[in-house]
Structure formats: C-alpha cells, structure tokens
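First up is the structure itself, then whatever we jot down about it.
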Amino acid sequence: AGGGGGPPVPAAPGRAQVFTTVVDTFLEKLAAAGSYQRFANCYRCFYKLQPEMTRSIYDQFISQLQSSIKEEIQEVKDEGNLEVLFNSLDKIVEEAKNQEEPAWRPSGIPEEDVRSAMVPYLLKHRSYLRKVLKEKEEENRKVAESVLAGRDRIAELQQLIQARKHAWQ
Amino acid sequence: MSVDPMAYEAQFFGFTPQTCMLRIYIAFQDYLFEMMLVVESVILKKLDGFPGCKISPFQIRKSTEKFLLFMKEHFDKLFSKMEEVLLQLVLNIPKNVLLPEDKVHEQYPYSKEQFQALQDEIHQLQKQYRAEASAGQALRAELEEQKAVRAELEKILQWFDGLENICREHGTGNFKESFAFLTRNSKKLQDVLKDVEEKSKKIKKHDQLL
C-alpha cells in the first residue's frame, strides 16, 4: 500500500471494520478462485450429464461455505467480546497518537513491575503518616503545657502549706 | 528471526492473536472439507438416479480430490495474507501505546533506589509516630498523678483553713499563738530533758571511776 501525503486522509477505519472487510475479501477471493468454471471442469463427466444440477450444487456449496465461515467469525467475535475490545483499543491508540516514545511493557520480572503499582499506595500512606504525626506532636505540645502548669500549681500549693505550717509553730 | 509472542496483546484481548488465527484456520479448513464431502455425496446420490450412466464413484472421488486440492492451495495463500493483515492491523497494540491499566508505570517510574528510599521514609515516620504516642501517654499519666497530688495538697490546705475558722468561731484569736507557745515550750522541755539525761549519765560514769 502507498504512503500518505497529498490530500487529507479520511479517518482510518476502526479495527472492527478492518476485521470484517478482511474476512469478506478473503471469502470473495476464495469464491473467485473456486469458480464455477473450475468446479465444472473438475466434475466434467457429471457436468456433461447434468449441467443444471452441477450449477445448483456449486451455488449451494459456495453459499454454504461462506455462511459457515461468517458464522464462525461471528462466534469468535462474540466469545471474545471482540467488537467492544476493538473499539476500546481504537480509542486507546487514538489517545496515544502523540506519544512517540515506545511505551512501557511488562519486564517479565514481577518484583520490578509491582514496584510502580505499589507507589501510589505508599505515597498515600506516607502523607497519612505525616498528617497524624503532626497532629500527635501538636496534641503532645498542648498536654506538655498542661503538665508544666500543673507542676507550677503543685509547687504553689506546697509553698502555701509550708507557710501555714510555719504560722502554727 | 525471533517470534513475537504478542504477550501484551494477550494481556488485552485475553488470548494470543496467533492462537485466535489458528483456531479460525482450523475451523475454516474443516468447513471446506465438510462442504466438499457434502458435494461429493450429493453428486453420488444423483448418479444413483441414473442407472445407465458410466460414471463411477471412483471418478467422482478423483474429481473431488482435484477440486479440493485446488481450493486448499488458494485457501492457504489467501488465509496467510488475511492472517498477516489481522496480526498487523487489528490484533496488535502499537509500540507507543500503553494500556490504561498500566498507567502507573508511566506515572511512577520508580527505580529500586527511589522505591527503597520511600519505604525507608515511611518506616522512619512510623517510628517517630510511635515515639510521640508513648510520649503522649507518659504526659497524660503524669497529668493524672498531678490531679491526685493536687487533690491531697488541697485537702491539707483546706484542713488548715478549717482550723483557722474554728479558732475564729470560738473567739480564741490567740489560740494560734498559745498553740505555737505550747509547741515551743514542749520542744524546750524535750531539750532540757535531753540535757538532764546526759548530765546524769556523766555523773554515773564519774561515780564508777571513783
């Protein structure tokens, strides 16, 4: 096939469309190769005997073959949910069209690949820890203030008691 | 030439493209053979209705084989071309495309060291938090103790104040002074007693020596 350039190229057909077209083309060409002439040629003796029958048998053969093949393709599509997958893949490819660099691929080493999958959780965990640590520190600061105030108060009470004691001696 | 296992495509589709193609090939081929057999059996049946004809089943079989061989050749060629197109254009994921489920690898390409550093930071934060938590517990424990101590001290102070109120109520404003006088004197008495004891001890010793 030729390259692009010149007049604007219409949007490329989706994968589902290409799939259907390619199968249809296959069937067309197969039917063209296995033409009636070829068929009649191979079954010459019978053709001479019954030309109309030969024609009708051939027609049925080709049509039956084509419909079986189309059915099989439909089954494959249904089983694999291919229509949906093709459309979704088309979208994904379209979104990546500006990416020139080759994308990440699984390295085959699970330990390496799982790292990036864990990072978002670790980051969340880290920011959670930072938050609760700050809160705890603030809480402790307030409690420490109360403790110091408490100590002062106790010292004060002790002094008052000493003073009373002296007054009674 | 290495064969592309198309593992990423398999991840997306749930099957390997090559497997899919193989399945289709075998199915198509089966249909072709099946149809040919049907054709042959139909022709043979029709021939039964012509008892006079000279065509043998053997000839029919030969015809069938000829046609089938021809079809198979074209079938294989055409299928091969179809397979190529499907594997390249339909059942493939271009090299620059990342599946959405793998987005994290693009967003967080952490190296081993970076990952380790992140884990270390988390451990550190956990340690710090535990330290703060136990410090908090200790502080609150002291606060409880202080409450008890303060209560005791306040009780004592109250008792003193109570004493003073009693004095005031009974008009003996000098009770405090006389009580103080009493404690001083009893202390003096104790001192004098001690003195006398020591002195008598000395005298006894003196007597013994004499």
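Computed quantities for the displayed model
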read-out	value
Criterion violated by A:N140 - all others in (1) farther than 30 Å from B:Q114 by Cα; (2) more than 9 Å from every other protein chain (Cβ to nearest Cβ); (3) among the polar types (S, T, N, Q) satisfied	(2)
Leading residue by the ranking (farthest from A:R126 (Cα to Cα)) among those in the range B:103-126 that are of a type in the set (D, E, K, R) and either within 7 Å of chain A (Cβ to nearest Cβ) or in contact with a His (Cβ under 7 Å, 6 or more places away or on another chain) (or both)	B:E106
Residue under evaluation B:F115, criteria (1) in contact with a helix residue (DSSP H, G or I) (Cβ under 9 Å, 6 or more places away or on another chain); (2) among the hydrophobic types (A, V, I, L, M, F, W, C); (3) closer than 30 Å to A:V18 by Cα, criterion not met	(3)
All positions within the range A:80-111 that are more than 15 Å from the chain's Cα centre (by Cα), under 16 Å from B:Q107 (Cβ atoms) and surrounded by 11 or more Cβ atoms within 10 Å (Cβ to Cβ)	A:Q99
Exclusive hit being more than 7 Å from chain A (Cβ to nearest Cβ) and among the hydrophobic types (A, V, I, L, M, F, W, C), set B:V3, B:V39	B:V3
Hey, B:K204 of a type in the set (K, R), at pLDDT 85 or above and assigned to a helix (DSSP H, G or I) or not	yes
Residues of the range B:132-169 classified as under 33 Å from the mean Cα position of the chain (by Cα), more than 18 Å from A:D152 (Cα to Cα) and charged (D, E, K, R), total	1
Wholly enclosed helices (runs of 4 or more DSSP H) of the range B:1-116 bearing at least 1 residues of a type in the set (G, A, S) and either free of Cβ contacts under 8 Å to residues at least 40 places away in the same chain or closer than 22 Å to A:G34 by Cβ (or both)	B:7-13, B:17-48, B:57-85
Failed item, numbered, when A:W104 is tested on (1) at pLDDT 90 or above; (2) in a helix (DSSP H, G or I)	(2)
Selection within the range B:8-48 - of a type outside the set (F, W, Y), within 60 Å of the chain's Cα centre (by Cα), surrounded by fewer than 14 Cβ atoms within 10 Å (Cβ to Cβ) and under 30 Å from A:Q50 (Cβ atoms)	B:D30, B:E34
Residue among B:P94, B:P51, B:P100 that is at the interface with another protein chain (Cβ under 9 Å from one of its Cβ atoms), at negative phi and surrounded by fewer than 13 Cβ atoms within 10 Å (Cβ to Cβ)	B:P100
The lone exception for B:L210 - which of (1) modelled with pLDDT of 85 or more; (2) loosely packed, with under 10 Cβ neighbours inside 10 Å it fails	(1)
Total residues in the range A:115-129, condition surrounded by fewer than 15 Cβ atoms within 10 Å (Cβ to Cβ) and among the charged types (D, E, K, R)	1
Top-ranked residue of the range A:13-68 - restricted to ones that are exposed (fewer than 13 other Cβ atoms within 10 Å of the Cβ) and small (G, A, S), ranked as farthest from B:M82 (Cα to Cα)	A:S56
Long-range neighbours under 6 Å by Cβ, at least six apart or interchain, first residue at the interface with chain B (Cβ under 7 Å from one of its Cβ atoms) within the range A:123-134, second of a type in the set (S, T, Y)	A:L133/B:Y129
Qualifying residue in the range B:15-29 (condition: closer than 22 Å to A:Y58 by Cβ and more than 9 Å from chain A (Cβ to nearest Cβ))	yes
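The values are calculated or read from the model by the stated rules, or taken from the named source; none is laboratory data. Here the structure is a predicted model, which is why all the values come from computation and not from measurement. When we count neighbours, we look across all protein chains shown, and the Cβ atoms used for this are built from the backbone with ideal geometry, even at glycine.
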